[in-house]
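The values are calculated or read from the model by the stated rules, or taken from the named source; none is laboratory data. The shown structure was predicted, so the numbers you read here are calculated from the model rather than taken from an experiment. For neighbour counting, all protein chains shown are included, and Cβ atoms are generated from backbone atoms with ideal geometry for every residue, glycine included. Only protein heavy atoms, including side chains, enter the accessible area calculation; ligands, DNA and RNA are left aside. Shrake-Rupley method; radii C 1.70, N 1.55, O 1.52, S 1.80 Å.
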Amino acid sequence: CVCTTWGIAKDKTYLLHVLRRRMEYPELKRKVKEHRAIWKAQKVLIEDKASGTQLIQELKQGDMPEVEAFKPEGDKLMRMNAQTAVIENGKVRFPKNAPWLASYVTELTSFPKSKFKDQVDSTSQALCWIASNSIVSGIFEYYRQLYEERNQLNSRN
């Protein structure tokens, strides 16, 4: 299981933490709740397949409305290739030091030939979600501002 924790500030995305280890379902559920609380996550993405589907359902029924199912499209290679430019253009920041950093960088830089691919998958899914939601938010913000400007003009006339 892999859980990547991300922070978003203006036009940069920051990798804050990586949890990677084998867990049985009960421990996984506890860890998701624990990480959400520690990092004060506003959104918790869970891949909607295999045990993730059950986890999503249980957490949403419980006390975690910020859980969102994520259904990735395409294969892992295609998804990561779609995010490579974002990383190369400096839009994604990684910590200088972290106990998990060497393993994370090794997996990302040796992909798709790496033995493990879960950190890559979590990264591509998170960056895809962030990009999709930033665009939508930006469009909605643009139209909200446009609407307010028109209303102000109309109220002056």
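The table that follows gives values for the structure above.
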| read-out | value |
| --- | --- |
| Radius 11 Å from Cβ of Thr13, net charge of other residues (Lys, Arg +1; Asp, Glu -1) | +3 |
| Model label zone, Asn89; criterion: amide N under 13 Å from point 7 Å along Cα-to-beta-carbon; scope region 1-45 | 11-13 |
| Candidates Glu88, Glu66, Glu58: whichever shows maximal mean-square fluctuation once the chain is modelled as a Gaussian network with Cα springs under 10 Å | Glu88 |
| Solvent exposure of the chain as accessible area per residue, Å², 1.4 Å probe | 68 Å² |
| Under 5 Å, built H, 5+ apart or other chain: amide partners of Leu45 | Glu68 |
| Contact order normalised by residue count of the chain, Cα under 8 Å, 6+ apart, percent | 23 percent |
| Over 18 Å (Cα to Cα) - which of Lys31/Lys96; Lys43/Lys91; Lys31/Lys115; Lys31/Lys60 fall in this group | Lys31/Lys96; Lys43/Lys91; Lys31/Lys115 |
| Between helix 51-61 and the chain: long-axis angle, C-alpha atoms, 0 to 90°, nearest 10 | 50 degrees |
| Dipole magnitude of the chain about its Cα centre (Cβ charges: Lys, Arg +1; Asp, Glu -1), debye to nearest 20 | 380 debye |
| Calculated FRET value between Glu68 and Ala98, using beta carbons and R₀ = 35 Å, to 0.05 | 0.85 |
| 5 angstrom amide H check on Val92, placed H, neighbours 5+ away | Thr13 |
| Segment Asp118-Lys10, length gained on full extension (0.36 nm per residue, minus Cα span) | 36.2 nm |
| Ordering of 19-25, 93-99, 127-133 by burial proxy (mean other Cβ atoms within 10 Å per residue, highest first) | 127-133, 19-25, 93-99 |
| Apportionment of accessible area to carbon and sulfur, the chain, percent (1.4 Å) | 53 percent |
